[in-house]
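Working notes, structure below.
The values are calculated or read from the model by the stated rules, or taken from the named source; none is laboratory data. Quick caveat: nothing in here was measured; it's all calculated off a predicted structure. Using ideal geometry, Cβ is built from the backbone for each residue, glycine included, and neighbour counts are taken over all protein chains shown. Note: accessible area is taken over every heavy atom of the protein model, side chains too, but ligands, DNA and RNA are not part of it. Shrake-Rupley method; radii C 1.70, N 1.55, O 1.52, S 1.80 Å.
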Amino acid sequence: MRCAAILAGAAALPADFPTVPMKGVDGPIRMPLYGIGTWEYNDTVAEAATLSAFQQGYRHVDTAWGYKNQVGVGKALAAAQVPREEYFVTSKIPGGLNASATTATLDECLTQLGLEYVDLMLIHFPATWAGEGGPGGRKEEWLALEAWAKQGKAKAIGVSHYCQRHVQDVQSVASVPIAVNQVQYHVGMGSAPDMATDYRDWMVSQGIVYQAFSSLCGPCDAPYNTELITGDLVTKIGKAHNKTGAQVALKWVVQQGIPVLPKSSNPKHIAENGALFDFNLTAAEMQELTQATTPPVAGNSPSDSGDCGVGEEVVV
């Protein structure tokens, strides 16, 4: 009964909070269209950034076991004093884990966060970070994640960095919907091929929420890592709306119904990154941004994120 009560109360976000529908373990739920990212932040910085974001109206934080900052995120959530049912937490576990390691790592995430459940738990990669693992391993890890989520410990489950064939491996055994695929997506990739976007259009056709990380191209090589903040195109469009270049780049993503997770430890930038819903880009502006070919995906090449070749079946 405790698990059922947890699930029933999860993700009751404010009615006017911008969201997209997502398939949960026990039916549809609302996923925030924006949240605070914490990649590469230690506990101290993650705590400060998350608390600042929540004090400014954010209701979603994205973390991961591999970020090594879940303790800091948990402290911020406690300090923010927002009722648990009114905010959304995403975490991730490494790919390439066997069933027992999956369960142990999932439980460790809750312990570090100081929570009884997360709203969304993702498998972070279709194999180990070294690329070891194939279809059998993906199926085993997914089924262990399903069993854990059904205990009331996650409202929804999904994946990250997965391409079509990785998802199809999971679909062949899944009894719980794949809610989300979290991948790199930003201006410059609007017309990119499937190998760059990790099969964006196919994911959408499967009812999987396509969620973006690095929407300001933070991990991109110079000069691309500033193009979506101070570049000519986003700056020009921003002036027409009295918005920053970064806000234009993020708006292009959320106006497509794709959730974003901008990262900043600067309270001013955190506020700006969430102020995306008091203006709309025109059709012409959306088209111009969609047709932009830079910055390209940060990966193997401008047409390949590097994710789709991961975790091939090894034939001996």
- Message: Looking at the structure I just gave you, is GLU86 of a type in the set (Asp, Glu) and closer than 15 Å to HIS161 by Cα?
- Response: no
- Item | Those residues of the range 1-37 which are over 14 Å from HIS60 (Cα atoms) and modelled with pLDDT under 95, in sequence order | MET1, ARG2, CYS3, ALA4, ALA5, ILE6, LEU7, ALA8, GLY9, ALA15, ASP16
- So, in the range 179-207, of the ones that are touching a strand residue (DSSP E or B) at 6+ places or on another chain (Cβ under 8 Å) and free of Cβ contacts under 8 Å to residues at least 60 places away in the same chain, which residue ends up surrounded by the fewest Cβ atoms within 10 Å (Cβ to Cβ)? VAL204
- Residue check, ARG59 within 16 Å of the chain's Cα centre (by Cα), surrounded by fewer than 24 Cβ atoms within 10 Å (Cβ to Cβ) and not polar (S, T, N, Q): yes
- Of all residues in the range 174-197, count the ones that are within 23 Å of ALA144 (Cβ to Cβ) and assigned to a loop (DSSP other than H, G, I, E, B). 6
- Might you let me know whether the range 220-227 holds any residue that is in contact (Cβ under 8 Å) with a residue 24 or more places away in the chain, surrounded by fewer than 16 Cβ atoms within 10 Å (Cβ to Cβ) and among the charged types (D, E, K, R)? yes
- Item | Verdict on VAL314 being surrounded by fewer than 17 Cβ atoms within 10 Å (Cβ to Cβ) and modelled with pLDDT under 95 | yes
- Message: Just the residues that are of a type in the set (Ser, Thr, Tyr) and outside any helix (DSSP H, G or I), please, taken from the range 198-209.
- Response: TYR199
- Query: How about the range 265-301: which of its residues are buried (at least 17 other Cβ atoms within 10 Å of the Cβ) and either closer than 27 Å to TYR162 by Cβ or basic (Lys, Arg) (or both)?
  - Reply: ASN273, LEU276, MET286, LEU289, ALA292, PRO295, PRO296, VAL297, ALA298, GLY299
- Subset of the range 144-173 (residues that are open to solvent by less than 10 Å² (accessible area, probe 1.4 Å), touching a strand residue (DSSP E or B) at 6+ places or on another chain (Cβ under 8 Å), of a type outside the set (Val, Ile, Thr) and outside any helix (DSSP H, G or I)): ALA154, ALA156, GLY158, SER160, TYR162
- Message: Is it the case, given these coordinates, that THR128 is without any contact (Cβ under 8 Å) to a residue 40 or more places away in the chain and open to solvent by 50 Å² or more (accessible area, probe 1.4 Å)?
- Response: no
- Message: Please count how many residues of the range 85-116 are under 21 Å from PRO259 (Cα atoms) and outside any strand (DSSP E or B).
- Response: 3
- Which listed residue, of ALA144, ALA156, ALA174, is hydrophobic (A, V, I, L, M, F, W, C) and closer than 30 Å to ALA79 by Cα: ALA156
- Message: Condition check: out of contact with any helix residue (DSSP H, G or I) (no Cβ under 7 Å at 6 or more places or on another chain), under 25 Å from GLY207 (Cα atoms) and open to solvent by less than 20 Å² (accessible area, probe 1.4 Å). Does VAL254 satisfy that?
- Response: yes
- Residues of the range 162-188 being among the aliphatic types (A, V, I, L, M), closer than 22 Å to PRO32 by Cα and under 18 Å from the mean Cα position of the chain (by Cα), which ones? ILE178, ALA179, VAL180, VAL183, VAL187
